[in-house]
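This report refers to the structure that appears directly beneath it.
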Amino acid sequence: MKGKVYNYLLDKIKQDGTINLVLVDPDSQHPERAGDVAIAAEKAGASGLMIGGSGGDTTVMDATAEAITKNTSLPTIIFPGNISDITKFADAIFFMTLMNSRSRYYLSMAQAYASVAVKKFGLEPIGMGYVVVESDVKTSIGFYGDVNEIPRYKPKIAASFGLASQFMGMKCFYLEGGSGASHPIEDEMISLTKQLCDIPLIVGGGIRDGKTAAQKALAGADIIVTGTAVEQAQDAYAKIKEINDALMNVRDEKIKKNGQKEFRRE
Ligand code: 1GP
């Protein structure tokens, strides 16, 4: 699916209201299991797979991405923790800027290092503004990325970063609640960001069940990311299906909300 992933995501969001991307962290599972998760994701109706972490081992990333990509026709998108996550075995890459980082490296240097390989591998770059919101878990990206966490109950700060991302030309915006967090991003933060921004809003961190996924969808998330819940599930297929079914149950309501948001000059 090289070169077509972003448009595919836009179409899917239009059609389904909110879509689910399954995140596979190469550090947390054997490539063989990752390949099985890819099969389960496609069968259960997920819209794509994100691959990445912060392990820094290129060989593990390659093996995992290859196992996933060969097992599914769903789009595979790199979710890089660093330049070591760039692999040719994927369709696209979230070409991210860690907007609330204090580190010049995570704001633009890593992207410069990465750019030529992304081009040579023919990966579709999908520009993304990415912010880490305060949570009860300490994340690798928070540590490596020298993050100035957005306070959990300050929705306006997050929404402002979303709008800034849009104005800077990013194609989507990600509110990161921290992998494995006990509480996902607050609804108020999601809805205010959605009200202000027109680019697809991605929400991840601590979403473990269908009920929560539906709640975040109705708050305004266009893409739900689920990693830990699928990783820890005995039955990955059943977990992904639970989340997808819940999103489909609120599909019409979410699409209606999206329509109400459209700006019209009087
Ligand atoms: C992590 O937001 C993602 O970057 C997913 O979080 O592992 O909690 O699903 P979980």
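Looking at this structure, is S47 over 22 Å from Q111 (Cβ atoms) and in contact with a Lys or Arg (Cβ under 7 Å, 6 or more places away or on another chain)?
Yes.
Checking G206 against (1) under 21 Å from I77 (Cβ atoms); (2) of a type outside the set (D, E); (3) touching a strand residue (DSSP E or B) at 6+ places or on another chain (Cβ under 7 Å); (4) not in a helix (DSSP H, G or I), which single condition isn't satisfied?
(3)
For (1) of a type in the set (V, I, T); (2) at positive phi; (3) surrounded by fewer than 22 Cβ atoms within 10 Å (Cβ to Cβ), each residue gets a yes or a no:
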residue: D16; (1), (2), (3): no, no, yes
residue: N20; (1), (2), (3): no, no, no
residue: D27; (1), (2), (3): no, no, yes
residue: G35; (1), (2), (3): no, no, yes
residue: I51; (1), (2), (3): yes, no, no
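Among the numbered conditions (1) modelled with pLDDT of 95 or more; (2) open to solvent by 20 Å² or more (accessible area, probe 1.4 Å); (3) under 17 Å from I13 (Cβ atoms), tell me where D245 comes up short.
(3)
Quick one: in segment 172-184, which of the residues that are touching a residue at least 60 places away in the same chain (Cβ under 8 Å) and either within 13 Å of the ligand (Cβ to nearest atom) or part of a loop (DSSP other than H, G, I, E, B) (or both) is most open to solvent (accessible area, probe 1.4 Å)?
Taking the candidates together, the pick is S179.
Given the structure, is I255 more than 18 Å from G48 (Cβ to Cβ), part of a helix (DSSP H, G or I), touching a residue at least 12 places away in the same chain (Cβ under 8 Å) and not small (G, A, S)?
yes
Looking at (1) over 28 Å from P75 (Cα atoms); (2) part of a loop (DSSP other than H, G, I, E, B), which is the one condition that is false for I199?
That leaves (1) as the condition not met.
Search segment 217-237 for residues being assigned to a helix (DSSP H, G or I) and free of Cβ contacts under 8 Å to residues at least 60 places away in the same chain, and hand back the single one that is nearest to the ligand (Cβ to nearest atom).
The selected residue is T228.
Within segment 185-210, which residues are within 10 Å of the ligand (Cβ to nearest atom) and open to solvent by 20 Å² or more (accessible area, probe 1.4 Å)?
If the condition is that a residue be within 10 Å of the ligand (Cβ to nearest atom) and open to solvent by 20 Å² or more (accessible area, probe 1.4 Å), then R208 is the only one that fits.
The values are calculated or read from the model by the stated rules, or taken from the named source; none is laboratory data. Just so we're clear, the structure is a prediction, and the values are computed from it rather than from any experiment. Cβ: placed from backbone, ideal geometry, glycine included. Neighbour counts: every protein chain shown. For accessibility, only protein heavy atoms count, side chains too; no ligands or nucleic acids. Shrake-Rupley method; radii C 1.70, N 1.55, O 1.52, S 1.80 Å.
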